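Just so it is clear, none of the values below were taken in a lab; they were calculated from the coordinates. Computed from a prediction, not measured in an experiment: that's the story for all the values here. Cβ placement follows ideal geometry from the backbone for every residue including glycine, while neighbour counts extend to all protein chains displayed.
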Amino acid sequence: LYDYDRQKGEQLNVLIIDGESINNIDSTAIHAFKEIVLDFNSREIEVYFTGIKGPVRDKFNSSGFIKVAKEGHFFLSIQEAIDFYEAKQKNKANTKIYKKYVEQVNK
């Protein structure tokens, strides 16, 4: 990840993490994601997550990670994240579209 970051340099504006294959997550991985998000955000690089499954989303919610990663930065697909980023560049992004998806919790 950081090798790619160095290769792109200042051209890197957004990082999309596809979580479709993540079936479970522990506190160590959540902490690692938090560090990644904070690091990239500190350099004004947005981090988006796509395809996060219910059980993983539940752990993101219960750990408070959703707030760190920004609830408007979770999408169902990579294409939706790209579309959001492009719309944001044109000041037309709607961050409320996926709010229900992010806040959906299995109890």
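Sorted ascending by nearby beta carbons within 10 Å, beginning with the fewest, Val68, Val47 become Val68, Val47.
As a proxy for reagent exposure, His31, His73 were ordered by neighbouring Cβ count within 10 angstrom, fewest first; the result is His31, His73. A quarter of the convex hull surface defined by the alpha-carbon atoms of the range 2-103 gives 6.4 nm² as the mean projection.
In terms of overall dimensions, the range 1-61 has a Cα radius of gyration and Dmax of 12.4, 35 angstrom.
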